[in-house]
Amino acid sequence: MVIPTSIAMYNGVFSPIPRTLPSFKDFVSGIAVSFLVFDGLYFFWHWAHHKVPFLYRKFHAIHHEVRAY
């Protein structure tokens with residue numbers, strides 16, 4: 001996997017690393033947006049496991065069976 005990635009980077013498939021740092025506002029807003037997107041997607045994923053019987057039975061029920069001692 002390293003060699004194909006290196007070839008892709010050499011050929012300009014990936015964008016280059018920026019030479020300057022983002023502003024503090026851009027940095028904080030990027031983190032906030034990333035958190036909101038991740039949290040929203042995780043909420044939907046967890047909600048779907050409770051609403052879709054197949055997902056609940058096969059995967060999520062184990063989550064509710066675990067007991068901390």
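Worth a mention:
- In sequence order, calculated HN-Hα J values of segment 49-63 (Karplus, 6.51, -1.76, 1.60; Hz; x Gly/Pro): 5, 7, 8, 9, x, 4, 4, 5, 5, 7, 10, 7, 4, 4, 4
- Spin-label pair Val33/Ala61, simplified geometry with 7 Å Cα→Cβ offset, distance in nm: 4.2
- Take Leu36: with every protein chain present and a 1.4 Å probe, its accessible area is about 120 Å².
- Segment Leu21..His50, full-extension length gain: 6.2 nm, with 0.36 nm per residue of separation and the alpha-carbon distance subtracted.
The values are calculated or read from the model by the stated rules, or taken from the named source; none is laboratory data. What you are looking at is a predicted structure, and each value in this text was computed from that prediction instead of being measured. For neighbour counting, all protein chains shown are included, and Cβ atoms are generated from backbone atoms with ideal geometry for every residue, glycine included. The area values use the complete protein model at the heavy-atom level, side chains included, leaving out ligands, DNA and RNA. Shrake-Rupley method; radii C 1.70, N 1.55, O 1.52, S 1.80 Å.
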